[in-house]
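Here the structure comes first, spelled out in structure tokens, and everything after it is commentary.
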2 protein chains.
Amino acid sequence: MLLSRRRLLASAGLGAAGVGLGASGYLIGHEAATAEAAEAAGTVPFHGEHQAGIATPAQDRLHFAAFDLETESRAELRELLEEWSQAAREMTEGRMIGAENDNLLAPPDDTGEAKGLPASNLTVTFGLGPGVFDRPGLGLAGRRPPELKPLPPLPGDELNELESGGDICVQACADDPQVVFHAVRNLARIGRGTVTMRWSQLGFGRTSTTSRGQETPRNLFGMKDGTANIKSEDTEAMNEFVWVDDGPAWMRGGSYLVSRRIRMNLEVWDRSSLADQEETIGRRKYDGAPLGGQEEFEPLPLDKTGPDGEPVIPTNCHVRLASARENGGVQILRRGYSFTDGVDQSLGELEAGLFFIAFQRDPEKQFVVLQRKLGVHDLLDEYIKHVGSAVFAVPRGAEEGGFVGEALFA
Amino acid sequence: MLLSRRRLLASAGLGAAGVGLGASGYLIGHEAATAEAAEAAGTVPFHGEHQAGIATPAQDRLHFAAFDLETESRAELRELLEEWSQAAREMTEGRMIGAENDNLLAPPDDTGEAKGLPASNLTVTFGLGPGVFDRPGLGLAGRRPPELKPLPPLPGDELNELESGGDICVQACADDPQVVFHAVRNLARIGRGTVTMRWSQLGFGRTSTTSRGQETPRNLFGMKDGTANIKSEDTEAMNEFVWVDDGPAWMRGGSYLVSRRIRMNLEVWDRSSLADQEETIGRRKYDGAPLGGQEEFEPLPLDKTGPDGEPVIPTNCHVRLASARENGGVQILRRGYSFTDGVDQSLGELEAGLFFIAFQRDPEKQFVVLQRKLGVHDLLDEYIKHVGSAVFAVPRGAEEGGFVGEALFA
């Protein structure tokens with residue numbers, strides 16, 4: 001799949017402003033030319049004001065991994081981020097990692113399984129968990145932004161410690177699953193001795209749209225998902241809800257990532273009537289139009305009532321409770337993926353669900369606000385449970401020649 | 001991805017003989033016209049002498065599931081296979097399952113997550129495990145082919161009972177992971193009460209080539225895999241090694257499927273030198289040419305020695321030990337996929353490997369012969385272990401209007 005010009009500009013953090021200007025003035029001169037070249041090759045630039053993989057139109061496949069830091073050395077953490085950025089740049093350009101790939105006497109720098117595959121719009125996005133700023137040896141407590149802290153206990157939590165938390169995250173997205181696997185596997189390899197993989201998640205299909213040009217995908221309940229998501233072309237919304245523009249310099253242009261591993265009880269859902277399914281979500285199953293409406297992308301008719309005097313969008317349905325209007329205008333950028341990891345032996349059914357990812361300026365004021373409401377009232381709660389949870393600060397993008405997180409060490 | 005004419009003919013069980021003749025005379029008259037229509041739509045015909053998904057050029061993604069039978073009723077087993085065949089036919093044609101999808105008061109017949117997606121060359125292949133023929137209530141002992149029995153203990157086995165065995169298998173392959181997930185999930189739903197899912201495996205990337213038109217993929221060791229595999233265009237080899245042509249009528253035109261979940265120790269592999277890796281396999285890493293050779297598809301130079309007088313293809317390397325020449329001419333049709341299912345918590349590394357699938361006329365004379373040699377001598381054994389294992393009889397294909405396994409009940 002080639003990156004359309006529109007998608008590319010979106011992924012470079014540009015909205016309607018166009019090439020040469022942009023919100024940040026980042027994409028100018030030769031960078032614009034490079035972007036055009038990249039478009040033809042299905043590559044997403046690694047460098048920029050923002051890390052790629054946030055505003056980038058959601059690719060089809062995901063491999064996400066969380067690592068625990070095994071060092072108290074600030075120099076080692078810095079070196080890790082520098083090496084990871086270098087490798088990520090090479091992989092996102094569709095190249096093999098490193099120079100030592102032909103030396104028969106040494107292990108190759110690159111494990112090789114993506115050789116011959118196109119970059120497939122690979123993006124690699126790095127984040128730092130709260131624990132990094134708690135370690136005395138690293139001496140980073142003074143650089144901790146107040147927004148970065150563990151999520152509070154939330155309604156609907158049935159969290160498994162082994163699928164939650166982590167000091168550093170890697171979100172690899174691309175249109176080829178072998179390319180994302182290759183990225184995570186090689187970064188884990190580079191990090192050996194400095195980090196240990198804590199948990200990892202393969203996502204086989206995107207459940208969110210993050211660009212106006214994309215078709216809305218279906219989640220494992222068979223429903224269109226992400227219709228009302230923020231679109232990256234909406235610069236105003238991206239600036240208001242996603243990009244950080246204050247606090248420590250290393251976070252300006254960054255964002256906060258919340259991940260939730262959400263198990264979906266497919267058996268119970270599948271036994272529900274079509275009406276129940278649609279009223280739980282608040283949209284029609286097949287065309288995605290809001291109940292009481294005509295087509296997918298129209299605004300939710302939240303105030304409309306039916307012949308029975310009841311709201312056509314039920315009071316406790318998902319789209320109403322998650323809507324900006326019912327949450328003081330709050331929005332998040334969702335970028336989730338469907339998963340399955342075999343059979344839940346206790347139930348004899350597929351262990352499957354949604355690996356939810358959201359980006360925002362402040363988790364406490366955004367995701368937490370939404371989940372406090374959804375976790376209590378949402379009709380959907382009957383069919384889901386949150387089994388994994390994590391939060392990461394996603395630093396601003398790396399400048400040309402620099403690395404992600406560099407400003408943290410300045 | 002559209003199905004090329006060549007691939008389509010191959011998947012319909014035709015070799016060089018061409019349309020209108022074929023080994024079986026199956027694809028004639030209107031069926032040939034249907035095949036051309038199917039080609040344009042990216043669909044693989046469900047009906048035919050052979051089940052699809054064996055000779056079909058290996059699609060990119062897999063969802064495989066093994067089920068335990070919960071009934072002793074022959075009528076219920078028959079009904080299950082009939083309903084499954086009907087659903088498989090609808091899905092492989094890119095349609096939703098069933099008629100009751102718009103009734104608001106009932107659960108939809110189809111769960112919906114593949115709605116809007118093309119058929120993506122979906123194939124659904126059914127198999128019956130040895131246990132089916134052991135159940136007195138089913139009364140099928142007299143129809144059991146002698147080739148169908150549990151695999152003997154094999155060198156290299158470190159089998160986990162919960163990832164092994166099963167009474168019925170479903171192999172769903174397509175070029176879209178959401179399409180294969182949808183197939184397995186809906187078949188599990190249809191089978192509720194009659195079968196329980198025992199284990200399931202998502203494969204994210206094919207590791208085998210089964211058609212001359214396909215590029216050889218790389219496995220997770222970064223090596224090209226499947227170069228010397230049987231190609232479905234090779235009618236002679238397919239007839240000699242894959243298709244059953246004797247024994248009970250329900251198996252004539254069928255085959256035997258052996259699955260092995262093979263964990264790959266990526267960390268140890270990645271620490272090996274390029275020379276070690278290449279000598280373990282017997283091929284060069286990047287171009288896949290045999291050691292001592294020039295290009296990927298040339299015959300293995302098994303008798304060639306180097307300046308040191310040693311064979312250029314090492315004595316205990318994988319390609320030599322697995323070669324037909326070293327095994328009395330024995331071959332199998334491989335159709336495996338790479339997988340990862342998160343982190344092996346005991347090691348802090350990716351739980352990943354190869355989900356090996358092979359088709360053959362007689363497991364004892366083919367897979368077992370090969371594995372008895374490979375499991376003892378193969379240099380590759382240092383890097384892999386077999387953790388799951390199963391064997392299934394794959395009945396002949398369903399005739400137009402019939403279902404898979406029908407002849408078993410005649």
Exercise. Would it be correct to say that residue A:187 is farther than 30 Å from residue A:383 by Cβ, surrounded by 18 or more Cβ atoms within 10 Å (Cβ to Cβ) and at pLDDT 95 or above?
Worked result: yes
Problem set entry | Subset tally (residues that are away from every other protein chain (no Cβ under 12 Å) and either free of Cβ contacts under 8 Å to residues at least 12 places away in the same chain or within 13 Å of the chain's Cα centre (by Cα) (or both)) for region A:330-341 | 5
Exercise. Are there any strands (runs of 3 or more DSSP E) wholly within region A:319-410 with 1 or more residues that are among the acidic types (Asp, Glu), and if so which?
Worked result: A:337-344, A:349-360
Exercise. Does residue A:154 satisfy the condition of being modelled with pLDDT of 95 or more, crowded, with 24+ Cβ neighbours inside 10 Å and not polar (S, T, N, Q)?
Worked result: no
Problem set entry | Residue among A:194, A:210 that is under 30 Å from residue B:220 (Cβ atoms), touching a residue at least 12 places away in the same chain (Cβ under 8 Å) and within 15 Å of the chain's Cα centre (by Cα) | A:210
Exercise. Is there any pair linking a residue in region B:342-368 that is more than 12 Å from every other protein chain (Cβ to nearest Cβ) to one that is among the aliphatic types (A, V, I, L, M) and part of a strand (DSSP E or B), with Cβ under 6 Å and at least six apart or on different chains, and which?
Worked result: B:356/B:262; B:358/B:258; B:359/B:257; B:359/B:333; B:363/B:258; B:363/B:391; B:367/B:258; B:367/B:358
Exercise. Residues in region B:310-321: is at least one of a type in the set (A, V, I, L, M), within 27 Å of residue B:60 (Cβ to Cβ) and surrounded by 16 or more Cβ atoms within 10 Å (Cβ to Cβ)?
Worked result: yes
For this session: Determine if region A:82-95 includes at least one residue that is farther than 21 Å from residue A:188 by Cα and free of Cβ contacts under 8 Å to residues at least 40 places away in the same chain.
Result: no
For this session: Quick one: which residue in A:348, A:306 is of a type outside the set (A, V, I, L, M, F, W, C) and closer than 30 Å to residue A:204 by Cβ?
Result: A:348
Exercise. Any chance region A:190-201 includes a residue that's touching a Pro at 6+ places or on another chain (Cβ under 9 Å) and either of a type outside the set (Phe, Trp, Tyr) or surrounded by fewer than 20 Cβ atoms within 10 Å (Cβ to Cβ) (or both)?
Worked result: no
Seminar exercise, completed: Selection from region A:71-115 of residues in a loop (DSSP other than H, G, I, E, B), of a type in the set (Asp, Glu) and more than 14 Å from every other protein chain (Cβ to nearest Cβ) yields A:72, A:93
Seminar exercise, completed: In region B:278-293, anything in contact with a Gly (Cβ under 8 Å, 6 or more places away or on another chain) and either at the interface with chain A (Cβ under 10 Å from one of its Cβ atoms) or among the β-branched types (Val, Ile, Thr) (or both) is listed as B:285, B:286
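Conditions (1) closer than 23 Å to residue B:343 by Cα; (2) among the hydroxyl-bearing types (Ser, Thr, Tyr); (3) more than 8 Å from chain B (Cβ to nearest Cβ), marked per residue:
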position	(1), (2), (3)
A:204	yes, no, no
A:209	no, yes, yes
A:222	no, no, no
A:227	no, yes, yes
Seminar exercise, completed: Checked against (1) in contact with a strand residue (DSSP E or B) (Cβ under 8 Å, 6 or more places away or on another chain); (2) farther than 30 Å from residue A:182 by Cα, residue B:335 satisfies every condition except (2)
Exercise. How many of the residues in region A:107-126 are in contact with a strand residue (DSSP E or B) (Cβ under 6 Å, 6 or more places away or on another chain) and either closer than 10 Å to residue B:218 by Cα or among the β-branched types (Val, Ile, Thr) (or both)?
Worked result: 4
For this session: Give me a count of the residues in region A:241-290 that are outside any loop (DSSP other than H, G, I, E, B), of a type in the set (Asp, Glu), surrounded by fewer than 19 Cβ atoms within 10 Å (Cβ to Cβ) and without any contact (Cβ under 8 Å) to a residue 40 or more places away in the chain.
Result: 1
Exercise. With (1) modelled with pLDDT of 95 or more; (2) touching a helix residue (DSSP H, G or I) at 6+ places or on another chain (Cβ under 6 Å); (3) not small (Gly, Ala, Ser) as the list, and residue A:392 as the residue in question, which single condition is left unmet?
Worked result: (2)
Seminar exercise, completed: If we keep only residues of region B:294-312 that are aliphatic (A, V, I, L, M) and out of contact with any strand residue (DSSP E or B) (no Cβ under 6 Å at 6 or more places or on another chain), then the residue farthest from the other protein chains (Cβ to nearest Cβ) is B:302
Exercise. Does residue A:179 qualify as being touching a Pro at 6+ places or on another chain (Cβ under 9 Å), within 11 Å of chain B (Cβ to nearest Cβ) and closer than 28 Å to residue A:79 by Cβ?
Worked result: yes
Exercise. So, in region B:80-129, of the ones that are within 20 Å of the chain's Cα centre (by Cα) and of a type in the set (S, T, N, Q), which residue ends up farthest from residue B:390 (Cα to Cα)?
Worked result: B:120
Exercise. Considering only region B:116-148, how many residues are within 14 Å of chain A (Cβ to nearest Cβ) and surrounded by fewer than 17 Cβ atoms within 10 Å (Cβ to Cβ)?
Worked result: 1
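The values are calculated or read from the model by the stated rules, or taken from the named source; none is laboratory data. Bear in mind that the values here come from a model prediction, so they are computed numbers and not experimental data. Backbone-built Cβ (ideal geometry, glycine too); neighbour counts: all protein chains shown.
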